Amino acid sequence: MASQQPEFEHPRKAFGWAARDTSGFLSPFNFSRRETGEKDVAFKVLYCGICHSDLHMVKNEWGNAIYPMVPGHEVAGVVTEVGSKVQKYKVGDKVGVGCMVESCRTCQNCVEDLENYCPKNIFTYGAKFIDGTITYGGYSDSMVVDEHFVIRIPEALPLDAAAPLLCAGITVYSPLRYYGLDKPGLHVGVVGLGGLGHMAVKFAKAFGAKVTVISTSPNKKDEAINILGADSFLLSRDQDQIQAAMETLDGIIDTVSAVHPLVSLIGLLKSHGKLVMVGGPEKPLELPIFPLLKGRKIVAGSLIGGLKETQEMINFAAKHNVKPEIEVIAIDYVNTAMERLAKADVKYRFVIDIGNTLKPTS
Ligand code: NAP
Ligand code: ZN
């Protein structure tokens, strides 16, 4: 199986856009999907968000790329077929898939609904599946995924706005909850106002926190406060602003995608404050120790979330009207969108309109 061409290794024809090398340039790609297994849900992809991880991955910035690569792990669509043993879904249901399509199901992490920390979990694209074939993501017309890894999208959420919740949403919701930054009255900082950052602002506000955005982009200030609902805005490169806010934050969610200094962020924390890293810069960051010692401060990390928590997050988002700000694009704009994402020029998540713009080549 694994040695066959992507177009013929499975019985079901599929079409998407793939990167072929470290240029990251995406172009049309014919491949195939497996038959709907007894526990599988097959669905038509209608929307797919563009995560900065897609950009890191197509350019092999994390060093583990497998080409051709069809990115996309913020996938939303409608069920077209279900296997005979599928219990949760039926044809016509609105569903989504995030970053994972399989895990071992038996390790302690899996047993505790933390499939995201299973050492054997399999990512939605660019990973080797259990049958030896390579996984392809949501910049494509269809997906076939075991129902355990499928999320139900609540009726109240439009599919285009639901898509970014499946990675950006859960990646910030999970650490806000786990690190106890979900309490009314706490003061939470959000570093980097991109896809993840703007969702962190919205979820932290929905939890009742006071929110300060810490950003390199002065042009995001008005929207951060007036549209996203942040309480204040600090320009990270303005030392006067940073100095004036020292020791005011209970916790920080750092979503920055590039190497950046941590010393001033640690300084912004109160004693016992937590700096939670969720961004994935391609190189290690420098961690200054003395600022941590003074005040028993914590630096921590978090990776997406388990399936149970992802469903909880999306239900919470529907109930509290927490929706991403999106720019919906056609598939043939995807390379330009990637260039803009590299320059932090997106407010605040690109979502590809797959259903209306992805057309198969013959
Ligand atoms: P994004 O939309 O590009 O947002 C990143 C933001 O970081 C930018 O908008 C910018 O905000 C800030 N930034 C960029 N370059 C910077 C620099 N050199 N110095 C300081 N700030 C800079 O990206 P995203 O999709 O939110 O993803 C953010 C990071 O999280 C990526 O590395 C991604 O791979 C990672 N990620 C991690 C997980 C996880 O599970 N932990 C899940 C998904 C994504 P300002 O303009 O406000 O400064
Ligand atoms: Zn992502």
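The values are calculated or read from the model by the stated rules, or taken from the named source; none is laboratory data. Note that the coordinates shown come from a computational prediction; the quantities given were computed from them, not determined experimentally. Cβ atoms come from the backbone with ideal geometry, glycine included; neighbour counts cover every protein chain shown. Ligands, DNA and RNA are stripped out before the accessible areas are found, and what is left, the full protein with its side chains, is counted by its heavy atoms. Shrake-Rupley method; radii C 1.70, N 1.55, O 1.52, S 1.80 Å.
For region 352-361, take each phi angle, set θ = phi - 60°, evaluate the Karplus expression 6.51 cos²θ - 1.76 cosθ + 1.60, and give the result in whole Hz per residue in order, putting x for glycine and proline.
Coupling constants for region 352-361: 7, 7, 5, x, 9, 10, 8, 10, x, 8 Hz.
Would you please name the chymotrypsin sites (Phe, Trp or Tyr not before Pro) within region 23-56 that are DSSP coil residues with at most 15 other C-beta atoms within 10 Å of their C-beta?
Taking region 23-56 and a limit of 15 other Cβ atoms within 10 Å, the loop chymotrypsin sites (Phe, Trp or Tyr not before Pro) found are F25.
Multiply the residue gap between A342 and F8 by 0.36 nm, knock off their C-alpha separation, and tell me the result in nm, one decimal place.
Working it through step by step, the gained length comes to 116.8 nm.
What share of the DSSP beta bridges in the chain is antiparallel, in percent to the nearest 5?
The answer is about 55 percent antiparallel.
Take the alpha-carbon centre of region 120-169, take the same for region 1-43, and report the distance between them in whole Å.
14
Tilt of helix 307-319 relative to the longest C-alpha principal axis of the chain, in degrees (0 to 90, nearest 10)?
Compared with the principal axis, the helix lies near 70 degrees.
Using DSSP loop states and a limit of at most 13 other Cβ atoms within 10 Å to flag GluC sites (Glu not before Pro), what is the longest stretch of the chain containing no flagged site?
156-246
For the charge dipole of the chain, defined by +1 on Lys and Arg C-beta atoms and -1 on Asp and Glu C-beta atoms about the Cα centroid, which residue among W62, L166, A42 has the Cα displaced farthest towards the positive pole?
So the residue furthest toward the plus end is L166.
Assuming a ≥ b ≥ c are the square roots of the Cα gyration tensor eigenvalues, decide whether region 168-301 counts as rounded (a/c under 1.5), prolate (otherwise, with a/b larger than b/c) or oblate.
Here region 168-301 falls in the rounded category.
Check K297: other-chain or 5+ apart residues with amide H under 5 Å from its amide H, H built from backbone geometry?
It is H272, by chain and number.
In nm, to one decimal, how far is the E81 label point from the S27 one, both placed 7 Å along Cα→Cβ?
Distance between label points: 3.1 nm.
Show that you can apply the helix-only estimate: for the chain, add -39,500 (n - 2.57) for every DSSP H stretch of four or more residues, divide by all residues, and state [θ] at 222 nm to the nearest 500.
Helix contribution divided over all residues of the chain: -6000 deg cm²/dmol.
How much accessible area per residue does region 1-57 have, counting only protein heavy atoms and a probe of 1.4 Å, in square angstrom?
I get 44 Å² per residue for this part.
How large is the Kirkwood hydrodynamic radius of the chain, in angstrom, based on all distinct alpha carbon pairs?
Over the chain, the inverse of the mean reciprocal pair distance is 20.7 Å.
Under a 1.4 angstrom probe, counting protein chains only, how are K202, K210 ranked by accessible area, largest first?
Greatest to least solvent exposure: K210, K202.
For L157, what charge total do you get from the other residues with a beta carbon under 12 Å from its beta carbon, if Lys and Arg give +1 and Asp and Glu give -1?
For residues surrounding L157, the net value is +2.
Would you work out if region 36-153 is rounded, prolate or oblate? Take a ≥ b ≥ c from the square roots of the eigenvalues of the alpha-carbon gyration tensor; rounded if a/c is under 1.5, else prolate when a/b is larger than b/c, oblate otherwise. Don't skip to the end; give the middle numbers.
On the way: a/c = 1.80, a/b = 1.22, b/c = 1.48.
Oblate is the answer for region 36-153, as a/c is 1.5 or above yet b/c matches or exceeds a/b.
Can you send over the solvent-accessible area of H52, 1.4 Å probe, protein chains only, in Å² to the nearest 10?
Approximately 40 Å² of H52 is accessible to the 1.4 Å probe.
What accessible area per residue comes out for region 168-301, rounded to a whole number of Å², with a 1.4 Å probe?
Heavy-atom accessible area per residue stands at 43 Å².
Where in region 74-122 are there trypsin sites (Lys or Arg not before Pro) that are in a DSSP coil and have at most 11 other Cβ atoms within 10 angstrom of their Cβ?
Numbers: sites: K85, K88, K90, K94, R105, K120; in loops: K85, K88, K90, R105, K120.
Passing both the DSSP loop test and the Cβ count: K85, K90.
Work out how much length A258 to K283 would gain on full extension: take 0.36 nm times their residue separation and subtract the Cα-Cα distance, in nm to one decimal.
8.2 nm
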